[in-house]
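> Would you mind keeping the following structure in view while I ask a few things?
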Amino acid sequence: MKFEIKHEIPGRIRIHVMQGRMSVTQADTLLYFLKSLESVTQATVYERTADACICFFGDRASVIQ
């Protein structure tokens with residue numbers, strides 16, 4: 001999945017998925033995937049803008065992979 005990091009502070013990243021609008025199914029799939037990662041504490045996916053806000057602890061590289 002191609003994405004661009006829009007904003008980043010320690011412990012939080014906001015990304016934009018490189019596509020138009022997301023369907024509800026795509027947004028739900030991305031949300032469940034992000035929440036299944038061990039280092040992610042909270043995730044929110046916005047289907048209208050194709051953005052996701054990811055709160056995490058630990059290493060940033062593990063979330064981006």
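Derivation of every value follows stated rules applied to the coordinates shown; laboratory data play no part. Predicted, not measured: the structure shown is a model, and the values here were computed from it. Neighbour counts are summed over all protein chains in view; Cβ atoms, including those assigned to glycine, are modelled from backbone coordinates with ideal geometry.
> Return the sequence-ordered ³J(HN,Hα) values of the range 39-53 in whole Hz as given by the Karplus equation 6.51 cos²θ - 1.76 cosθ + 1.60 applied to θ = phi - 60°, using x for Gly and Pro.
So the Karplus estimates, Gly and Pro as x, are 7, 8, 9, 8, 9, 9, 10, 10, 6, 5, 9, 6, 10, 9, 10 Hz.
> Moving on. If you take every residue apart from H16 with its C-beta less than 13 Å away from the C-beta of H16, what net charge results, scoring Lys and Arg +1 and Asp and Glu -1? Walk me through the numbers before you get to the answer.
Values: positive: K2, K6, R14, R21, R48; negative: E4, E8, E47, D51.
Local net charge: +1.
> Roughly how many debye, to the nearest 20, is the charge dipole of the chain about its Cα centre, given +1 on each Lys and Arg Cβ, -1 on each Asp and Glu Cβ, and no other charges?
Numbers: 8 positive and 7 negative charges, 31 e Å.
For the chain, the charge dipole is close to 160 debye.
> Let me ask something else. Where does the chain land at 222 nm, in deg cm²/dmol rounded to the nearest 500, when only DSSP H runs of n ≥ 4 count, each adding -39500 (n - 2.57), divided by all residues? Don't jump to the answer; show the numbers that get you there.
On the way: 2 runs with 18 residues, N = 65.
Result for the chain: -8000 deg cm²/dmol, rounded to the nearest 500.
> Just to be sure I understand: if I project the alpha-carbon convex hull of the chain onto a plane and average over all orientations, what area do I get in nm²?
Details: hull surface 15.5 nm².
Result: a mean projected hull area of 3.9 nm².
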